[in-house]
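The values are calculated or read from the model by the stated rules, or taken from the named source; none is laboratory data. All values derive from a computational prediction rather than experimental measurement. Cβ placement follows ideal geometry from the backbone for every residue including glycine, while neighbour counts extend to all protein chains displayed. To get the accessible areas, we keep the full protein, side chains included, count just its heavy atoms, and leave off ligands, DNA and RNA. Shrake-Rupley method; radii C 1.70, N 1.55, O 1.52, S 1.80 Å.
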Amino acid sequence: METLVIDRARRSFVEVAPSSHFPLQNLPYGVFRRADHSDPRPGVRIGDFVLDLRVAEERGLLADASLSRGIFASSSLNAFMALGRQNWVAARRVIADLLDARTATLRDDSSLRAAALLPVDRVTMCLPCEIGDYTDFYSSREHATNVGMMFRGKENALMPNWLWLPVGYHGRSSSIVISGTPIKRPKGQSMADGAERPVFGPSRTLDIELEVGALIGPGNSLGAPLSVDRAMEHVFGLVLVNDWSARDIQKWEYVPLGPFLGKNFATTVSPWVVTLDALEPFRCPAPQQEPAPLEYLRPAAGSDGGFTYDIPLAVTLAPAATTQVSPGSKSMDRPAEPLNAASGTFVENSAATICRSNFKYLYWTIAQQIAHHTCNGCNLRPGDLLASGTISGPSPDSFGSLLELTWRGERPLRLPGGVERKFLQDGDTITLTGCCETAGLRVGFGECSGTIRPAN
Ligand code: CA
């Protein structure tokens, strides 16, 4: 697979802080709205700025990439994503050159720069593409084992099919939202242990799922499966995904057809699509699989299908502001907006990191997910989202859901300030982050964040 890795010695004329996720070597794509409320349009992130690709195209700055005319006139990235890898590489080369410290075009033209480069705090991020279909896998062996142990016991933790195929289900794309969108606590049916009939009401066990999603570029025709060796050529890039889950609703409804209303009320994605080109320096061998998978899931030696990426991931929880009764006294949880901090009545609790995991822990790779998804002839289309499933690692602090972190609520998390959590409370904010790092090079995803609002 042809990728364009930008030499790490290259710098942009746009100042990029050493801690930034977005140096010249990243150049992720997103869709944003300008402060003047014009149409959403595609952009590329560099440091704390966004390059407006529609303006860049209109001013002829991308001519050398020889892309289809008006490809960035769209309010989504779907058309560009559909062009495929050769065009993505051409665009990346031209955009990297345009932003390079040695290129005068934008660097020395302040009016062009003002039109094409916008401070990121002056724009509003939108979904990067129209997501037609959303599939959610279940590809972390540690996650599947933990959940299996909780619900079926240690002996039967993994279902008999799990080591033979990447288990997945069709999710719902209509409720996928961009980072920062408030999440309303869902209502639904649940059945308490030992109860005789179910009840309807707000979920009491609202949870997160730390996932990474692959956005599909060129798809496949109906009836034409994609091979595990060539599957990665169909991936435009990756985003962080929080697959919010109402465990009480899920537990009662999932038999026998799987997740439904406990999952489809909201799924949050991060705004910047990190390309496989940017992730190339962090490529690493996929985990050994035993038993060896069936042939259609077995990558040839050295093919792109046999690799994954070393992407450290973290989850922070900022609990709802708490009421401070008097200095030194015990604070009470307050499930609502904080009052004016200046009044001193309420305090914001600081965010605590509750999980550190890594994309590389996944047992089934994206290439295997795609090969399996299409093996029956099912067609993927540009903009489809394939989420990994909760990414849990081997140690208890690497579990990617509260269900596992608190072991069904039996071991509450103890957060700074004496706050405890089993599941999410109204006002809590969850933020996922992901950032690769090696020898001074940082390539990150930014944040995928959401705050819980009360049920109606
Ligand atoms: Ca999930």
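In segment 255-289, what residues are charged (D, E, K, R) and in a helix (DSSP H, G or I)?
Looking only at segment 255-289, we keep the residues that are charged (D, E, K, R), and these are 263, 277, 280, 283.
Those that are charged (D, E, K, R) and in a helix (DSSP H, G or I): Asp277, Glu280.
Need a quick list: strands (runs of 3 or more DSSP E) entirely within segment 155-213 having at least 1 residues that are touching a Leu at 6+ places or on another chain (Cβ under 6 Å) and more than 16 Å from the ligand (Cβ to nearest atom).
Details: elements: 168-170, 176-178, 187-190, 199-202.
Of the strands (runs of 3 or more DSSP E) lying wholly inside segment 155-213, those with at least 1 residues that are touching a Leu at 6+ places or on another chain (Cβ under 6 Å) and more than 16 Å from the ligand (Cβ to nearest atom) span 176-178, 187-190.
Taken over segment 259-284, the criterion of being farther than 23 Å from Leu405 by Cβ and in contact with a Phe, Trp or Tyr (Cβ under 6 Å, 6 or more places away or on another chain) is satisfied by Val273, Val274, Leu279, Phe282, Arg283.
As a summary of the residue check, Ser66 satisfies the conditions (1) modelled with pLDDT of 95 or more; (2) open to solvent by 20 Å² or more (accessible area, probe 1.4 Å) except for the one numbered (1).
It is to be established whether one or more residues within segment 223-231 are in contact with a helix residue (DSSP H, G or I) (Cβ under 8 Å, 6 or more places away or on another chain), open to solvent by 10 Å² or more (accessible area, probe 1.4 Å) and closer than 26 Å to Val443 by Cα. Looking through segment 223-231, at least one residue is in contact with a helix residue (DSSP H, G or I) (Cβ under 8 Å, 6 or more places away or on another chain), open to solvent by 10 Å² or more (accessible area, probe 1.4 Å) and closer than 26 Å to Val443 by Cα. Which of (1) within 16 Å of the ligand (Cβ to nearest atom); (2) closer than 18 Å to Ser270 by Cα; (3) hydrophobic (A, V, I, L, M, F, W, C); (4) in contact with a Lys or Arg (Cβ under 9 Å, 6 or more places away or on another chain) is the odd one out, the single condition Ile131 does not satisfy? Checking Ile131 against (1) within 16 Å of the ligand (Cβ to nearest atom); (2) closer than 18 Å to Ser270 by Cα; (3) hydrophobic (A, V, I, L, M, F, W, C); (4) in contact with a Lys or Arg (Cβ under 9 Å, 6 or more places away or on another chain), the one that fails is (4). Only residues that are of a type in the set (Gly, Ala, Ser) and surrounded by 21 or more Cβ atoms within 10 Å (Cβ to Cβ) were counted across segment 96-125, and they come to 2.
From the residues in segment 249-275 that are away from the ligand (no atom under 16 Å from the Cβ) and in contact with a Ser or Thr (Cβ under 9 Å, 6 or more places away or on another chain), which one is most open to solvent (accessible area, probe 1.4 Å)?
At the first step, the residues of segment 249-275 found to be away from the ligand (no atom under 16 Å from the Cβ) are 252, 255-256, 271-275.
Subsequent filtering for residues that are in contact with a Ser or Thr (Cβ under 9 Å, 6 or more places away or on another chain) retains 252, 271, 275.
Numbers: Trp252: 105, Pro271: 13, Thr275: 8 Å².
Taking the candidates together, the pick is Trp252.
Please count how many residues of segment 126-146 are more than 19 Å from the chain's Cα centre (by Cα) and surrounded by fewer than 20 Cβ atoms within 10 Å (Cβ to Cβ). Selection size over segment 126-146: 1. Examine segment 290-299 for a residue that is within 15 Å of the ligand (Cβ to nearest atom) and either farther than 30 Å from Val50 by Cα or of a type in the set (D, E, K, R) (or both), and state whether such a residue exists. For segment 290-299, residues within 15 Å of the ligand (Cβ to nearest atom) and either farther than 30 Å from Val50 by Cα or of a type in the set (D, E, K, R) (or both): absent.
Scanning segment 370-398 for residues that are surrounded by 15 or more Cβ atoms within 10 Å (Cβ to Cβ), outside any strand (DSSP E or B) and among the small types (Gly, Ala, Ser) returns Ala371, Gly383, Ser388, Gly389, Ser392, Gly393, Ser398. Among the residues of segment 19-52, those that are open to solvent by 50 Å² or more (accessible area, probe 1.4 Å) and touching a residue at least 60 places away in the same chain (Cβ under 8 Å) comprise Ser19, Arg33, Ala35, Asp48, Phe49.
Between Arg92, Arg85, Arg107, the distinction of being more than 26 Å from the chain's Cα centre (by Cα) and either of a type outside the set (S, T, N, Q) or within 16 Å of the ligand (Cβ to nearest atom) (or both) belongs to Arg107 only. Is it the case, given these coordinates, that Phe13 is within 25 Å of the chain's Cα centre (by Cα) and either under 19 Å from Leu127 (Cα atoms) or open to solvent by 30 Å² or more (accessible area, probe 1.4 Å) (or both)? No: the conditions fail for Phe13. Restricting attention to segment 399-424, which residues are more than 21 Å from the chain's Cα centre (by Cα) and either of a type in the set (A, V, I, L, M) or crowded, with 19+ Cβ neighbours inside 10 Å (or both)? Of everything in segment 399-424, those that are more than 21 Å from the chain's Cα centre (by Cα) and either of a type in the set (A, V, I, L, M) or crowded, with 19+ Cβ neighbours inside 10 Å (or both) turn out to be Thr406, Leu413, Leu415, Val419, Arg421, Lys422.
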